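Working notes, structure below.
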Amino acid sequence: MVRAIFRNFFQAKMPVPAALPQADELPQADELPQVDELYAEATGAYQSKDFSRAVALYERVIALNPDHAEAYYKRGNALKDLGQLAAALASYDGAIGRKPDFAYAWCNRGVVQNSLGLHEAALASYDRAIALDPADALVHANRGSLLQGISRWDSALASYDRALALNPHLFQTWFHRGNVLRELQQLEAALASYQEAVQQKPDYAEAHYNRGVLLERTQQPRAALASYDQAIAIYPGFHEAHYNRAGVLKGLKEREAALAGYDSAISAKGDYAEAYANRGVVLHDLGRREAALASYDRAISIRPDYPEAYFNRGTLFKALKQWDAALASYDQAIALRPGYAAAHCERAGVLMEVGRLDAALSSYNQAISIRPDFAEAQYNRSLALLLSGDYENGWLNHEWRWKNADRLSLGEERFSSQPLWLGKESVAGKRLLLYSEQGLGDALQFCRFATAVADMGATVILEVQAPLASLLASVAGVSRVIVEGSPLSDFDYRCPLLSLPLALKTTIDTIPAATPYLHSDPAKVAWWHTRLGDRSRPRIGLAWSGNPKQGNDRNRSTRLADWIDHLPREFEYFCLQREIRPADEEILAANPWISRVEDESHDFSDTAALCECLDLVISVCTSIAHLNGAMGRPTWVLLPFNPDWRWLLGRDDSPWYPTAKLYRQPASGDWNGVFARVAADLRKMAAKS
């Protein structure tokens with residue numbers, strides 16, 4: 001899945017603390033009239049923001065009266081505003097040297113020292129100012145700003161609280177207090193502090209914005225949108241607010257609105273690489289892949305060192321099955337960020353697609369070495385291990401599927417309050433619940449292990465999906481079958497069906513492969529014999545696609561249109577599928593020689609009975625293949641180049657189903673090569689019949 005790149009930072013710009021009130025009316029004893037006039041003229045220049053002229057005039061005052069502390073102080077202010085910080089610091093020192101109790105000078109000296117990175121010296125200056133004038137709220141606020149800047153959060157909060165106790169109308173201090181509270185993870189208090197800031201100053205765009213970020217972080221997306229909207233209404237060019245607003249809309253799957261939001265962010269800031277990258281994600285989700293690629297490329301042209309953009313572009317190329325381009329993008333992301341675990345994992349997925357299994361395992365191992373708790377990489381590695389035939393390590397890693405629930409849509413592990421059995425405890429005399437966890441095909445494949453557990457002395461209760469319940473009652477050793485979701489009686493242990501190979505230490509050589517282990521109802525078989533009538537030609541069942549919601553369905557399923565020209569008419573064909581896609585409906589309607597019986601097959605016991613009446617079943621990797629194989633019937637399975645783990649590699653037989661024959665794509669996406677071999681074998685079969 002493509003993951004959006006969010007940069008939901010707090011717009012917590014440290015304030016440049018304002019100079020404290022000017023000492024316009026301080027006593028100026030023994031000054032000459034010329035000094036007074038020059039001082040007044042300098043102050044006027046400063047107030048008019050003519051800082052260079054103000055500096056020159058204050059220097060003339062100091063030349064005439066070297067002990068004029070206020071002139072040193074105000075010259076320091078003008079130099080600070082000109083960015084001449086070292087000179088400003090020297091001027092404040094001059095003021096303090098002539099007037100040691102000059103609190104304003106101590107405060108602004110701290111401001112300049114902080115700007116110069118002299119944090120401890122600045123803190124000492126603020127403390128001296130506070131000692132001289134403890135009731136000055138702005139000094140406490142500036143002290144809090146310094147402490148916030150060096151991440152001394154608790155001390156910063158104490159200074160802000162003291163400032164607000166002295167003057168509760170400092171809206172900027174409420175804002176920065178909110179930022180500190182956020183860092184301290186006091187989120188409700190932070191929200192209240194931002195709210196106070198916007199109440200005091202309703203047009204405070206940054207406070208609305210930071211409030212929105214925090215609401216988003218606390219899973220209040222609609223309230224976050226409202227805050228971002230307020231920030232944008234105050235400042236339409238607020239590109240971060242447009243960007244984060246779009247991110248919220250994307251999370252709500254309101255993709256068109258999100259796209260418009262990213263476009264607004266880009267209008268406000270033309271070189272906004274993050275907005276282009278996330279815009280690409282939305283376009284990809286909307287199926288507009290060429291536009292998505294252009295958006296990723298634009299992000300990369302702005303920021304060539306942007307690993308997330310390369311990652312998302314790689315994911316797009318992967319979806320387009322442009323494997324070389326996908327690998328190149330992932331490699332670039334990793335070159336920029338060697339510790340990019342997700343890129344290593346997705347790169348491994350591409351390597352799996354092109355059949356480079358050893359390289360894929362290496363990439364999964366790299367991802368896991370970076371993030372040992374990376375559930376997706378751990379789970380995908382298990383599939384690669386199983387595909388390679390390394391069942392010992394594969395089954396162990398396969399348990400990571402529960403921590404990767406968002407990818408598999410498994411939800412939380414069921415019955416988790418009951419003890420899990422993975423083979424360590426004796427189950428003799430115990431009641432053991434075995435239960436389905438994924439698709440119908442998985443239950444059909446793994447229910448065989450119930451017999452081995454029963455042979456260990458357990459009373460086996462099997463919980464499965466409703467369409468399977470009647471059929472799976474035929475599994476040897478199963479005491480009772482119940483439908484998924486039905487009330488359960490007491491049991492001692494539980495085990496998901498796909499954990500049984502781990503519990504039983506199953507290897508390729510010890511797979512319980514004796515078939516049939518599923519048996520059809522003789523009465524239903526007789527009914528189908530009557531329904532089908534006398535046999536004039538060999539009968540073949542067809543299943544060309546699986547559940548469209550299955551994660552790998554795009555690779556395993558085919559279109560009936562691609563089969564039609566490869567099916568010799570010497571056979572009688574039956575559609576074994578219940579779910580038929582619209583395009584396939586049209587093909588079936590145009591080819592009535594493929595019989596449809598789905599209305600007469602209500603569950604898998606009906607389908608199993610029908611399969612008993614057929615000579616062969618041809619199926620892609622779906623539940624029909626497992627059903628027919630479990631019944632020991634001739635089954636041809638059509639597989640993609642990168643098959644599901646259970647079919648292994650490089651063989652045309654299956655250790656799971658002795659009566660199965662496997663037809664593999666010779667290259668990625670090459671179904672025609674598969675159909676050609678199937679057609680050739682069907683013609684040979686027809687010649688013998």
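The values are calculated or read from the model by the stated rules, or taken from the named source; none is laboratory data. Remember, it's a predicted structure, so these values are computed and weren't measured experimentally. Cβ sites come from the backbone with ideal geometry, for glycine too, and all protein chains shown count toward neighbours.
Structural remarks
- Restricting LEU638, LEU560, LEU588, LEU614 to those that are in contact (Cβ under 8 Å) with a residue 60 or more places away in the chain, more than 30 Å from TYR391 (Cβ to Cβ) and touching a helix residue (DSSP H, G or I) at 6+ places or on another chain (Cβ under 9 Å) reduces the list to LEU614.
- Verdict on GLN445 being farther than 22 Å from CYS345 by Cβ and buried (at least 19 other Cβ atoms within 10 Å of the Cβ): yes
- On inspection, ALA121 does not qualify as of a type in the set (A, V, I, L, M, F, W, C), closer than 24 Å to HIS176 by Cβ and surrounded by 24 or more Cβ atoms within 10 Å (Cβ to Cβ).
- Residue check, LEU316 under 28 Å from ASN179 (Cβ atoms), modelled with pLDDT of 95 or more and out of contact with any Cys (no Cβ under 8 Å at 6 or more places or on another chain): no
- Condition check for SER409 on (1) crowded, with 16+ Cβ neighbours inside 10 Å; (2) modelled with pLDDT under 95: one failure, at (1).
- The combined condition, being surrounded by fewer than 16 Cβ atoms within 10 Å (Cβ to Cβ), farther than 23 Å from ILE302 by Cβ and of a type in the set (Lys, Arg), is not fulfilled by ARG211.
- The number of residues in the stretch 555-587 that are surrounded by 16 or more Cβ atoms within 10 Å (Cβ to Cβ) and in a helix (DSSP H, G or I) comes to 6.
- When ILE234, ILE300, ILE266 are screened for being of a type in the set (Val, Ile, Thr), at pLDDT 95 or above and within 23 Å of TYR340 (Cβ to Cβ), only ILE300 passes.
- Identity of the residue in the stretch 450-508, crowded, with 21+ Cβ neighbours inside 10 Å and among the charged types (D, E, K, R), that ends up nearest to SER623 (Cα to Cα): GLU463
- Qualifying residue in the stretch 188-197 (condition: within 28 Å of GLN113 (Cα to Cα), within 32 Å of the chain's Cα centre (by Cα) and aliphatic (A, V, I, L, M)): no
- Which listed residue is among the acidic types (Asp, Glu), within 23 Å of the chain's Cα centre (by Cα) and over 22 Å from HIS284 (Cβ atoms), from GLU240, GLU256: GLU240
- Checking each residue in the stretch 129-147 for being part of a helix (DSSP H, G or I) and out of contact with any Ser or Thr (no Cβ under 7 Å at 6 or more places or on another chain) picks out ALA129, ILE130, ALA131, LEU132, ALA137, LEU138, VAL139, ASN142, SER145, LEU146.
- A single entry from ALA676, ALA687 fulfils the requirement of being among the hydrophobic types (A, V, I, L, M, F, W, C) and either assigned to a strand (DSSP E or B) or more than 20 Å from ALA543 (Cβ to Cβ) (or both): ALA687.
- Just one of (1) within 22 Å of GLU437 (Cα to Cα); (2) touching a Gly at 6+ places or on another chain (Cβ under 7 Å) fails for ASN552. It is (2).
- Among the residues of the stretch 148-174, those that are among the aliphatic types (A, V, I, L, M) and part of a helix (DSSP H, G or I) comprise ALA156, LEU157, ALA158, ALA163, LEU164, ALA165, LEU166.
- The set of residues in the stretch 65-87 being closer than 16 Å to ALA42 by Cα and within 57 Å of the chain's Cα centre (by Cα) consists of TYR73, LYS74, ARG75, GLY76, ASN77, ALA78, LEU79, LYS80, ASP81, LEU82.
- Selected residue (criterion: surrounded by the most Cβ atoms within 10 Å (Cβ to Cβ)) from residues of the stretch 345-372 that are touching a residue at least 12 places away in the same chain (Cβ under 8 Å) and among the acidic types (Asp, Glu): GLU346
- On the stretch given as the stretch 637-689, residues that are among the small types (Gly, Ala, Ser) and under 35 Å from the mean Cα position of the chain (by Cα) total 4.
- Scanning the stretch 422-437 for residues that are more than 15 Å from LEU472 (Cβ to Cβ) and surrounded by 15 or more Cβ atoms within 10 Å (Cβ to Cβ) turns up LEU422, GLY423, VAL427, LYS430, ARG431, LEU432.
- Among the residues of the stretch 167-188, those that are among the aliphatic types (A, V, I, L, M) and surrounded by fewer than 16 Cβ atoms within 10 Å (Cβ to Cβ) comprise LEU184, LEU187.
- Annotation: of all residues in the stretch 527-545 being assigned to a loop (DSSP other than H, G, I, E, B) and within 49 Å of the chain's Cα centre (by Cα), the one that is farthest from ASN404 (Cα to Cα) is TRP544.
- Residue identified as in contact (Cβ under 8 Å) with a residue 24 or more places away in the chain, touching a Cys at 6+ places or on another chain (Cβ under 9 Å) and either closer than 18 Å to ALA608 by Cα or polar (S, T, N, Q) (or both) among VAL525, VAL453: VAL525
- PRO548 being assigned by TED's automatic domain parsing to the domain that holds ASP644, at pLDDT 95 or above, in a loop (DSSP other than H, G, I, E, B) and at negative phi: no
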